[in-house]
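The values are calculated or read from the model by the stated rules, or taken from the named source; none is laboratory data. Predicted model, so just to flag it, every value in this text is computed and none were measured. Backbone-built Cβ (ideal geometry, glycine too); neighbour counts: all protein chains shown. Surface areas here come from the heavy atoms of the whole protein model, side chains and all, with no ligands, DNA or RNA. Shrake-Rupley method; radii C 1.70, N 1.55, O 1.52, S 1.80 Å.
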Amino acid sequence: MARNAIWSNSDGLAVGFGTRTALTTGSNRVAENGMLESLYLVIKATELTDAVSATTDQVIHAPIIPNGATIMSATLNVTTAFTTSASGTLDIGVYDKDGGIVDDDGIDAGVAAGALLLGAEIACDGADINTVVATTGGVKICASYDTGVFTAGEGILKVVYAPA
């Protein structure tokens, strides 16, 4: 998405001015029953990189989980099977509001392409599940690949957290 200026406001919403192109990835944050909130992130395999950059759409448009919130759980539902020409794996991590790495596989590490089949529901078990966000300004959830590039695949990640 091209914009002349983009930043995240205090609510974690992307604010921008200028020319806009089509959005190819997306995320959303919604309130749940009781004290929990959920964050939804569409992960498109062909848009992943080996290292997340602060300028990618994935970082720019990701909602923020606020500092002090507890990440309760994360589940990836595969809507299109992931394929790779090598032995690619999927990492889902935590990044600061500017796209800097906090823990690049803190939500889930090394999910093999063989597990990313159509209809699969993957319960993420990274080190940042059941932990309190301790990053000033909050964190964003982003995905990357390791070992090999994915040639196809898509999934919806749901992250449930308890705000501070």
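Computed values, structure above
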item: Segment 80-107, residues that are closer than 18 Å to D128 by Cβ, of a type outside the set (D, E, K, R) and not in a strand (DSSP E or B); result: G99, G100
item: Number of the condition not met by N28 [criteria: (1) within 19 Å of I107 (Cα to Cα); (2) surrounded by 14 or more Cβ atoms within 10 Å (Cβ to Cβ); (3) at pLDDT below 75]; result: (2)
item: Residue that is farthest from L76 (Cα to Cα), among those in segment 152-164 that are in contact with a helix residue (DSSP H, G or I) (Cβ under 7 Å, 6 or more places away or on another chain) and open to solvent by 30 Å² or more (accessible area, probe 1.4 Å); result: A152
item: Members of segment 120-147 that are at pLDDT 95 or above, open to solvent by less than 50 Å² (accessible area, probe 1.4 Å) and not in a strand (DSSP E or B); result: A120, C124, G126, D128, I129, V133
item: Residue tally, condition among the aromatic types (F, W, Y) and within 18 Å of H61 (Cβ to Cβ), over segment 76-108; result: 1
item: One residue from A86, A109 being surrounded by fewer than 22 Cβ atoms within 10 Å (Cβ to Cβ), in contact (Cβ under 8 Å) with a residue 24 or more places away in the chain and more than 11 Å from the chain's Cα centre (by Cα); result: A86
item: Single residue of T46, T19, T56 found to be at pLDDT 85 or above and not aliphatic (A, V, I, L, M); result: T46
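Okay, residues lined up against (1) open to solvent by less than 40 Å² (accessible area, probe 1.4 Å); (2) outside any strand (DSSP E or B); (3) among the acidic types (D, E):
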site: S38; (1), (2), (3): yes, no, no
site: V42; (1), (2), (3): no, no, no
site: T46; (1), (2), (3): no, yes, no
site: D50; (1), (2), (3): no, yes, yes
site: P63; (1), (2), (3): yes, yes, no
site: N67; (1), (2), (3): no, yes, no
site: I71; (1), (2), (3): yes, no, no
site: V78; (1), (2), (3): yes, no, no
